[in-house]
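Shown next, in structure tokens, is the structure this report addresses.
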Amino acid sequence: VLIGDNKFSVLNTVSLSQENSSSIDIIPNQIGELINLKWVDFSSSQISGEIPNAIENLTNLEYLNLSSNQITGEIPNEFENLINLEYLNLSSNQITGEIPIILYSLTNLEKLSLNNNELFGEINTEINNLINLNDINFQENQLSGVIPSEICYFFDNGISVNLRYNRLCPPYLICNEMNEYFIFGQDTTDCN
């Protein structure tokens, strides 16, 4: 498969990064043909465009880091197929839309970083499906509504949850181990 200026073996390629595919400026659909990929790190790579739906074919993917690019569009519902994903970092892009509910079905996720994007809508109560998470960062988006009580599970188990600088409305949760620092800076203009 040709990705950028480089050729990759469909069966033997398990990782993609700047080092072995530095010439790409968008994530091509052909990435979906590399069915044994486990590791993709295109952080800080000046990539633009949208995340292709073909990502649904990467069912072995464990690590996906697309942070600090100029990626636009929404998080594809096709992420539903990434059942082995443990690490997802889409921070510091221009990703919009709502956080798709299917993201909350990726129960192997340990780190979920969606901060510094343009995501809107509410945080779904199904976030409590992500029982293996040890780090959640939704800071600096346009998320609205109230913070679901399910978030207390993470605070009470010592898991880092960063919801700062959104549009989340009071009354704010009172969890046993709640740290108000991590819900600081809400824009409540649109709250009742």
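Taking K38, K7, K111 and ordering them by how much accessible surface each has at a 1.4 Å probe, largest first, produces K7, K38, K111.
Residues of the stretch 53-75 falling in the label zone of T96, defined by backbone nitrogen less than 16 Å from a point 7 Å along Cα to beta-carbon, are 70-75. Note on D190 and T59: their simple-model spin labels are 3.8 nm apart, each label 7 Å out from Cα toward Cβ. Across the stretch 50-177, C-alpha contacts under 8 Å between residues 6 or more apart give a mean separation that, scaled by the residue count, equals a relative contact order of 18 percent. Can you give the accessible area of D5 in Å² (nearest 10), computed on protein heavy atoms with a 1.4 Å probe? In the full protein context, D5 sits at about 120 Å². At 1.4 Å probe size, with the rest of the protein present, what percent of the exposed accessible area of the chain is carbon and sulfur atoms? Taking all protein chains in place, the chain shows 43 percent carbon and sulfur surface. Calculated accessible area for the chain comes out at 47 Å² per residue, all protein chains present (probe 1.4 Å; ligands, DNA, RNA ignored).
Go ahead and run the numbers for FRET between S149 and L2, Cβ-Cβ distance against an R0 of 41 Å, rounding to 0.05. E(calc), rounded to 0.05, equals 0.25. Accessible area per residue was computed with a 1.4 Å probe on protein heavy atoms; L2 scores about 100 Å². Beta bridges from DSSP with both residues in the stretch 1-86: antiparallel share about 20 percent, rounded to the nearest 5.
With θ taken as phi - 60° and the Karplus curve 6.51 cos²θ - 1.76 cosθ + 1.60 applied, the whole-hertz 3J(HN,Hα) list for the stretch 27-42 is 7, x, 4, 4, 4, x, 7, 8, 5, 9, 4, 10, 9, 10, 10, 10 Hz, x standing for glycine and proline.
Specify whether the C-alpha gyration tensor of the stretch 58-192 places it in the rounded, prolate or oblate class, a ≥ b ≥ c being the square roots of the eigenvalues: rounded for a/c under 1.5, otherwise prolate if a/b is larger than b/c and oblate if not. Kindly include the intermediate steps, with their values, before the conclusion.
Working: a/c = 1.85, a/b = 1.29, b/c = 1.43.
Oblate, because a/c is 1.5 or more while a/b does not exceed b/c.
Couplings 3J(HN,Hα) for the stretch 47-64, derived from phi with the Karplus relation 6.51 cos²θ - 1.76 cosθ + 1.60 (θ = phi - 60°), are 7, 10, x, 9, 6, x, 4, 4, 4, 4, 7, 8, 6, 9, 5, 10, 9, 9 Hz, where x marks Gly and Pro. For E140, the solvent-accessible surface with a 1.4 Å probe is about 80 Å², rounded to the nearest 10.
Evaluating 6.51 cos²θ - 1.76 cosθ + 1.60 at θ = phi - 60° for every residue in the stretch 17-24, the Karplus couplings come out as 7, 3, 4, 9, 8, 6, 8, 8 Hz, glycine and proline recorded as x.
The values are calculated or read from the model by the stated rules, or taken from the named source; none is laboratory data. What you see is a predicted model; the values in this text were computed from it and never measured. No Cβ is skipped: glycine too gets one built from the backbone with ideal geometry, and neighbour counts run over all protein chains shown. SASA here: full protein model, heavy atoms, side chains in, ligands and nucleic acids out. Shrake-Rupley method; radii C 1.70, N 1.55, O 1.52, S 1.80 Å.
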